[in-house]
Amino acid sequence: MMESMKQSNHVANYDAVVVGAGFSGLYTLHRLREAGFSTHVYEAGDGVGGTWYWNRYPGARCDSESIYYNYTFSEELYKEWTWTSRYPEQPEILRYLNFVADKFELRRDIQFKTRINAAHYNEETNRWQIYLNNGTSVSAKFFITGVGCLSAANIPNFKGVQNFKGDWYHTGHWPHEKVDFKGKRVGIIGTGSTGVQAIPVIAAEAEHLTVFQRTPQYCAPARNHPYDPEYIRKTKENFSEIKRQMRESQGGQPVPIPTKSALEVTPEERERVYEEAWEKGGLGLFSAYYDITINEAANETVAEFIRTKICQIVEDPNVAEKLLPSYFYGTKRPIIDTNYYETYNRDNVTLVDVKKAPIEEITPNGLRTTDGEYEFDTLVFATGYDGMTGPLLKMDIRGKDGVTLKEKWAGGAQTRTYLGIANAGFPNMFMITGPESPSVLSNMPVSIEQHVEWIADCIEYMQKHGVETIEANVDAEEAWSKHCREVAESTLFTKTDSWYTGANIPGKPRGFLIYLGGVGVYRQKCDEIAAKGYEGFSLLSSSQTVDLA
Ligand code: NA7
């Protein structure tokens, strides 16, 4: 045990300790507190919001429609809050989460500016000992992680970053004060969802913007617009139906599951459908036909549609050529944009292909690729995250026999979970939207609510039946992981290098850690498991297994 942990000053005992005050942590706190459990949340930031607290970069907004990107556990809350537009910007989402924290008086049980460094399971007491970065420790019967899937920033290990004379930022750790780009030459590395959102906004302000692109992206227009008050009124009126549809859907939004193949319709009909989706804006292309992410030929029809659009929008054919993606559409995060491709028609924007000529070094005045040197005053890393496992493995989590989560998952290669909620060897620990749950391939608040409710119901069940510990069984975990891999391998997702597969982090073992069966199916499976007395888990009273089936 580390010296600092041995010396840590034990200050409190709780029923549950939760990591993170984002969508997950806030609702967990509310739900468990309502059920009478003493619950405490630790949050590294100095406010609530999680992902939406940290991601303050220019242009940051959500790619789920706002009327679906909120909690549905409280009809009153749903009706009290009104979104201004279709795709909410970061400040509005952060205001929403602060509104939730105020309404349910959550702050009194959240300790801000405090990071959990470690959580160790004590087999003698059946409790978790949790070590904080302020030198103190607390204990809890339940250890619950609400750390988000994309919170461990990836800053590539470029040579020379420390030599750069200007200011540099990672988009996931953006300053609270406005960063002024006026009159500045700016460089940005990365063209994922984040880069695509930030590039048009920075370009509009900076003297010059140089975009360093490794992989071109498929983007479709967001066509964000203010909501008509009548539309909002009807949405609120239909709360129960919308909630039901979201919960039973594939991706967490009330979008009909497509029944047609892209290959069974005529090219003219397909073109009409794609054109309609493009004009409507949003992620409609992704769900236009059921086989877009499973059949290569079907996929190519959308890919080619977007490539044609890029060539129509971007005036310089050489620039357009560099922007044409070739991987399977949708197997990296499909992006919705506001004036992204149009931005390359500006005189103050340069696009550099760093796949062809990779970045060699960050220099005092900019960066050098194998093709030449580029100078700028400010550098933005829009280089993404160590997704899924990254935020969990940043903490020193130790289960039975002192085995760390990192050892159990072999750094990621052997990531096995039961339902993406629990791990064999780690009793009374729950992960909200953990690896192998629908998580990032769903509308996150829907998946978060489902996990929080399942976990809280489980804890209540344990209390009612005198159960001391719950732990996933190894065979149940193996079967779930195998099922997840089989579903993923029946799609095109595993054929592309992306943060979904871990391929964006050099040295990270590859594995597809998202359950692709859909949120409706997944919810049903989780509910069935609970209804069978938590099938696949071992439930123990203080000294013996409790047969509750
Ligand atoms: P992403 O989607 O991981 O994008 C990161 C971008 O940075 C992507 O274009 C990468 O190129 C690029 N990148 C990463 N490392 C390098 C190096 N070493 N050299 C050059 N370029 C690099 O992260 P985002 O923040 O945009 O989005 C994350 C999610 O947040 C998003 O999907 C939404 O769910 C919200 P690559 O494609 O790997 O070639």
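One Cα centroid belongs to region 120-193, the other to region 1-72; the line between them spans 14 Å. Each Lys or Arg adds one and each Asp or Glu takes one away; over the other residues whose Cβ falls under 14 Å from the Cβ of ARG107, this sums to -1. Against the chain, whose longest principal axis comes from its Cα atoms, helix 193-205 is set at around 50 degrees.
Note down the net charge around SER542, summing +1 for each Lys or Arg and -1 for each Asp or Glu among other residues with Cβ under 12 Å from its Cβ.
On the way: positive: none; negative: GLU124, GLU468.
Residues near SER542 contribute -2 overall.
Calculate how many DSSP beta bridges within the chain are antiparallel, expressed in % of all such bridges and rounded to the nearest 5. Walk me through the numbers on the way to the answer.
Values: 29 of 72 bridges.
Percent antiparallel among DSSP bridges in the chain is about 40.
About the centre of its Cα atoms, the chain shows a dipole size close to 800 debye [charges on the beta carbon of Lys, Arg (+1) and Asp, Glu (-1) only; nearest 20 debye].
Please label the shape of region 1-107 as rounded, prolate or oblate, based on the square roots a ≥ b ≥ c of the eigenvalues of the alpha-carbon gyration tensor (a/c under 1.5 means rounded; beyond that, a/b larger than b/c means prolate, else oblate). Since a/c reaches 1.5 but b/c is at least a/b, the shape of region 1-107 is classed as oblate.
Packing, as the average of other Cβ atoms within 10 Å across residues, places the peptides 8-15, 423-430 in the order 423-430, 8-15, highest first. Proximity of backbone amide H atoms, modeled 1.01 Å from N, is registered between ALA12 and SER139 at under 5 Å, excluding neighbours fewer than 5 places apart on the same chain.
Computed from Cα positions, the angle between helix 444-464 and the longest principal axis of the chain comes to roughly 0 degrees.
With a 1.4 Å probe and every protein chain kept in, tell me what percent of the accessible surface of the chain is carbon plus sulfur.
Numbers: 10920 of 22900 Å².
Reported share for carbon and sulfur atoms: 48 percent.
Residues of region 1-98: accessible area per residue at 1.4 Å, in Å²? Each residue of region 1-98 exposes 36 Å² on average to a 1.4 Å probe.
Remark: region 183-234 carries 38 Å² of accessible area per residue (probe radius 1.4 Å; ligands, DNA and RNA excluded). Is the shape of region 258-330 best called rounded, prolate or oblate, per the rule: a/c under 1.5 gives rounded, else a/b larger than b/c gives prolate, else oblate, with a ≥ b ≥ c the square roots of the Cα gyration tensor eigenvalues? Prolate.
Quick one: helix 296-313 against the long Cα principal axis of the chain, what's the angle to the nearest 10°, folded into 0 to 90? Once rounded, the angle reads 50 degrees. With all protein chains kept in place, the per residue accessible area of region 258-330 amounts to 51 square angstrom at a probe of 1.4 angstrom. Specify whether the C-alpha gyration tensor of region 204-305 places it in the rounded, prolate or oblate class, a ≥ b ≥ c being the square roots of the eigenvalues: rounded for a/c under 1.5, otherwise prolate if a/b is larger than b/c and oblate if not. Oblate is the answer for region 204-305, as a/c is 1.5 or above yet b/c matches or exceeds a/b.
The values are calculated or read from the model by the stated rules, or taken from the named source; none is laboratory data. Remember, it's a predicted structure, so these values are computed and weren't measured experimentally. Here Cβ is always computed from backbone atoms with ideal geometry, including for glycine, and neighbour counts include all displayed protein chains. To get the accessible areas, we keep the full protein, side chains included, count just its heavy atoms, and leave off ligands, DNA and RNA. Shrake-Rupley method; radii C 1.70, N 1.55, O 1.52, S 1.80 Å.
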